[in-house]
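Enquirer: Once you've had a glance at the structure underneath, I'll fire off some questions.
The values are calculated or read from the model by the stated rules, or taken from the named source; none is laboratory data. The model shown is predicted, which means the values in this text are computed figures rather than measured ones. Don't worry about glycine lacking a Cβ; one is built from the backbone with ideal geometry, like all the others, and counts go over all protein chains shown. Surface areas here come from the heavy atoms of the whole protein model, side chains and all, with no ligands, DNA or RNA. Shrake-Rupley method; radii C 1.70, N 1.55, O 1.52, S 1.80 Å.
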Amino acid sequence: KKVTKKMVWLNILPDDLQFKIPPKYFHHQHCLRTHYYVSDDNILHMDSSVNAILAQIEISELKSETLLIIEYPKAIDASKAFRSFTSKYLPDADNENCAMMDDSSFVCVCAENNHIIAVFDSPTKEYAIDLSEKIKVNINK
């Protein structure tokens, strides 16, 4: 049986996630912008060589967070995109690459191998870090 990219993504996502909206799979910045606005500029260096997934994760009936995972061809590409994103989107990030936004939600981002994991709209920093850590474990399996 052929293993599809969607099947690989499902292995990266933690089993206990509850999706508020089904995940979106895409490659380009303009597709990300259609579903979730990050920036007018391509600060994540997205193009046809990347694979990305965007999902809205339900934490409770009233709370959710937005998960973005981008897979780059090489770790150096992820590293460059990570530096670009943190310098332009999260200039006030703490040493865990998290920042509280104007609406009191948190955004956290990390690079793991050739991936970037970004959690937006999280009600707490801890939720965002916990989700990122689970995904890191799955990436390294």
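Enquirer: Expressed as a rounded percentage, what relative contact order does region 11-95 have, with Cα pairs under 8 Å and six or more residues apart? Let's see the in-between values first.
Expert: Numbers: 102 pairs, mean separation 23.6, N = 85.
Relative contact order for region 11-95 comes out at 28 percent.
Enquirer: Can you run phi through the Karplus equation (6.51, -1.76, 1.60; θ = phi - 60°) for region 21-28 and list ³J(HN,Hα) in whole Hz, with x for Gly and Pro?
Expert: Ordered by residue, 3J(HN,Hα) equals 10, x, x, 10, 10, 7, 10, 9 Hz.
Enquirer: Any idea how many Lys pairs in region 1-125 come in under 22 angstrom at the alpha carbon, given 8 or more places apart or on separate chains?
Expert: Lysine pairs meeting the criterion: 14.
Enquirer: Another one. Please list 3J(HN,Hα) in residue order for region 35-42, calculated via the Karplus relation 6.51 cos²θ - 1.76 cosθ + 1.60 where θ = phi - 60°; whole Hz, with x for glycine and proline.
Expert: Each residue's phi maps through the Karplus curve to give 9, 7, 7, 10, 6, 5, 8, 7 Hz.
Enquirer: While we're looking at this one, here's another question. Determine the share of the chain's accessible area contributed by carbon and sulfur atoms, expressed in whole percent, with a 1.4 angstrom probe.
Expert: Values: 3860 of 7820 Å².
Roughly 49 percent of what the probe reaches on the chain is carbon or sulfur.
Enquirer: Can you give the three extents of the C-alpha atoms in region 1-121 along their principal axes, from longest to shortest, in whole Å?
Expert: 47, 38, 26
Enquirer: If you build a Gaussian network model of the chain, linking Cα atoms that sit under 10 Å apart, which residue out of ASP77, ASP40, ASP121 swings the most?
Expert: So, out of ASP77, ASP40, ASP121, the one fluctuating most is ASP40.
Enquirer: Using the Kyte-Doolittle scale, which helices in the chain average at least -0.5 and also have C-alpha atoms spread 18 Å or more along the helix axis, with helices defined as whole DSSP H runs?
Expert: On the way: long enough: 75-89 (20 Å, -0.31); 125-139 (21 Å, -0.30).
Answer set is 75-89, 125-139.
Enquirer: While we're on this one: Kindly point out, ordered by number, any Cys in the chain whose beta-carbon has no other cysteine beta-carbon under 4.7 Å away.
Expert: Cys with no partner Cβ under 4.7 Å: CYS31, CYS110.
Enquirer: May I pose another question? Compute the accessible area per residue over the chain, keeping the other protein chains in place, probe 1.4 Å, unit Å². All intermediate terms of the calculation are to be shown ahead of the outcome.
Expert: Values: 7820 Å² over 141 residues.
Normalised by residue count, the accessible surface of the chain is 55 Å².
Enquirer: Given a 10 angstrom Cα cut-off, can you work out which residue in SER84, SER122, SER48 is the most mobile in a GNM of the chain?
Expert: SER48
Enquirer: I would also like to ask the following. Quick check: residue separation of THR124 and SER79 times 0.36 nm, minus the Cα distance between them. What number comes out in nm? Intermediate values should be presented prior to the final figure.
Expert: Values: separation 45, 0.36 × 45 = 16.20 nm, distance 2.51 nm.
Contour length minus Cα-Cα distance gives 13.7 nm.
Enquirer: Of ASN95, ASN113, ASN42, which has the largest mean-square fluctuation in a 10 Å C-alpha GNM of the chain?
Expert: Looking only at ASN95, ASN113, ASN42, the biggest GNM fluctuation is shown by ASN95.
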